[in-house]
Amino acid sequence: MMRYAVLMALIAVMTGACAQNKPRVVSSPYADGVNHSEPVFYNGKHYKLRFKYRAHRDAYAVNIIGKGGRKLGNKPGDQKIVSDVVSSAIRHFACARGQKAVVLPGTTQHAGGSWNMQARCG
């Protein structure tokens with residue numbers, strides 16, 4: 001009887017572990033790893049947005065630069081602006097209707113007049 005109880009407990013634990021490791025279903029209108037570029041006009045300024053969908057992260061790797069000679073600085077105000085631009089643009093170009101895009105915390109980096117970050121629909 002004890003052997004049967006231990007066997008049932010072991011099966012229950014294994015079944016529970018499998019239920020927690022369900023594969024995530026990701027969806028994007030873009031193929032994994034393919035570069036895309038879009039011009040963006042936001043609050044009276046032009047930007048060039050480049051992004052690539054990464055299925056294993058279910059997120060977009062995004063690079064944004066000011067267009068027309070405008071370099072983006074490395075100030076908190078610039079970071080806020082580019083985060084807003086990226087959220088809006090990824091929502092428009094990549095997210096399903098009604099979904100919003102968010103910049104993943106800790107992924108925003110300034111690199112010589114441009115910004116790189118990760119964004120996800122959610």
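Remark on residue 55: its backbone amide H falls under 5 Å from those of 33, a criterion applied only to residues 5 or more positions apart or on other chains, H modelled at 1.01 Å from N.
Here the Karplus curve 6.51 cos²θ - 1.76 cosθ + 1.60, taken at θ = phi - 60°, turns the phi angles of region 33-47 into couplings of x, 8, 6, 9, 9, 9, x, 10, 10, 9, 6, x, 10, 9, 9 Hz, with x standing for Gly and Pro. For region 71-110, the Cα gyration tensor yields ellipsoid semi-axes of 22, 10, 7 Å (square root of five times each eigenvalue, largest first, whole Å). The amide H of residue 67, built 1.01 Å from its N in the peptide plane, has 46, 47, 48 as neighbours under 5 Å, considering only residues 5 or more places off or on other chains.
Model label points for residue 58 and residue 88, set 7 angstrom from Cα along the Cα-to-Cβ axis, are 2.7 nm apart. Of all lysines in the structure, the ones whose alpha carbon falls short of 25 Å from that of residue 80, not counting any fewer than 8 places away in one chain, are 45, 48, 52, 67, 71, 100.
No lab work stands behind these numbers, since they all come straight from the coordinates. Here the structure is a predicted model, which means the values were calculated and not measured. Here Cβ is always computed from backbone atoms with ideal geometry, including for glycine, and neighbour counts include all displayed protein chains.
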